[in-house]
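Have a look at the structure below, then the notes.
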Amino acid sequence: MATHYRHPPANHATARPLLATFAVLSVIAAVWIAIAWEPRLLPIRVVTIAGELHALSRTALQATIASQMRGGILTQDLTRLQREIQALSWVAEATVRRRWPDRLELQVRERQPLARWGEDQLVTLDGAVFRFEGGEMPSGLPQLIGADAQDAGQLVQQYLTWQPRLTPLGLTLERLQRDRRGDWRLFFTNQLEVCLGTEEVALRFERLLAAYPRLSAVGQAARLDLRYSNGIAVRWLQPNQAPHQVPPAPAAVRGERMAKLSFGLSIQQRLTE
């Protein structure tokens, strides 16, 4: 008589968790090997930088890139690298791309300052304020002064609106400022200071444009105060006087005359009354 042996049934309930655990461990091991060996197997050998760089220090840019190079062409953290580059004061925008097999391409757009902001900062055409770092402050820029950086956009806009209209009169803004009370003052390269005050600023600016040709025909003014409803207070510039350093001495002492000018009369008439 033949004897039959029966094998015990396979325990599939136990085998499946073991297989799943093995698969997970295999994936973890593969990831660890990739992270550990990928920079050696697929290193980044070249970083190219595109874009015109004038004020941005290439040394600072290269140092920032080098400090962030921690992976190969596949594992390098481009988001972090881009963020660190954009944190540099002169960088307006940066993009980083991989190029197989061993290259990163970096595109940098440098900030273009429109003016100085305060004493040691700069402001761009779109009102972005950034701190100047390294080297010498760019020369030939006008200065904008506001109560805080939130005023930058408004001062930039006023400068862009006013300067083109002042240029035909031979006036170039050297400094434009607005204090916390909203008081506007304009300082020009020809030593002239103009006070527009806090109210009806646009209307007063139009009065300045209308009156300045007649004023300049009489002499060189040191200060024009347009905070009057029907005229302008004028202080004339003394010979050899430093720019914007007008002494507060009485008119009789300094040999000049303050005149409130009415637009209904000619300047010469009011000055000789």
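Cβ-to-Cβ counts within 10 Å put Arg70, Arg223, Arg181 in ascending order as Arg181, Arg70, Arg223, the fewest first.
Efficiency by 1/(1 + (r/R0)^6): what FRET value for Arg40 and Thr95, r their Cβ-Cβ distance, R0 = 25 Å, to the nearest 0.05? Working shown, then result.
Values: r = 27 Å, r/R0 = 1.08.
Efficiency at R0 = 25 Å is approximately 0.40.
What full-extension length gain, to one decimal in nm, is calculated for Gln143 and Ser67 as 0.36 nm per residue of separation minus the Cα-Cα distance? Don't skip to the end; give the middle numbers.
Numbers: separation 76, 0.36 × 76 = 27.36 nm, distance 3.56 nm.
Additional length available on full extension: 23.8 nm.
Between the DSSP loop rule and a limit of at most 10 other Cβ atoms within 10 Å, which GluC sites (Glu not before Pro) in region 90-170 are left?
Sparse-neighbourhood loop GluC sites (Glu not before Pro): Glu119, Glu136.
Considering all C-alpha pairs of region 46-110, those separated by over 14 Å amount to 52%. Computed over region 70-157, the Cα gyration tensor eigenvalues convert (square root of 5λ each) into semi-axes of 34, 12, 11 Å, ordered from largest to smallest. Extending 7 Å from the Cα toward the beta-carbon at both Arg185 and Asp102 defines two label points whose distance is 6.2 nm.
Taking 0.36 nm per intervening residue step and subtracting the Cα-Cα distance, what contour gain separates Ala87 from Glu119 on full extension?
Once the chain is fully extended between Ala87 and Glu119, it gains 9.4 nm.
Taken together, the values in this text are just the output of simple stated rules run on the coordinates, not laboratory data. Predicted, not measured: the structure shown is a model, and the values here were computed from it. Glycine gets a Cβ as well: all are built from the backbone with ideal geometry, and neighbour counts include every protein chain shown.
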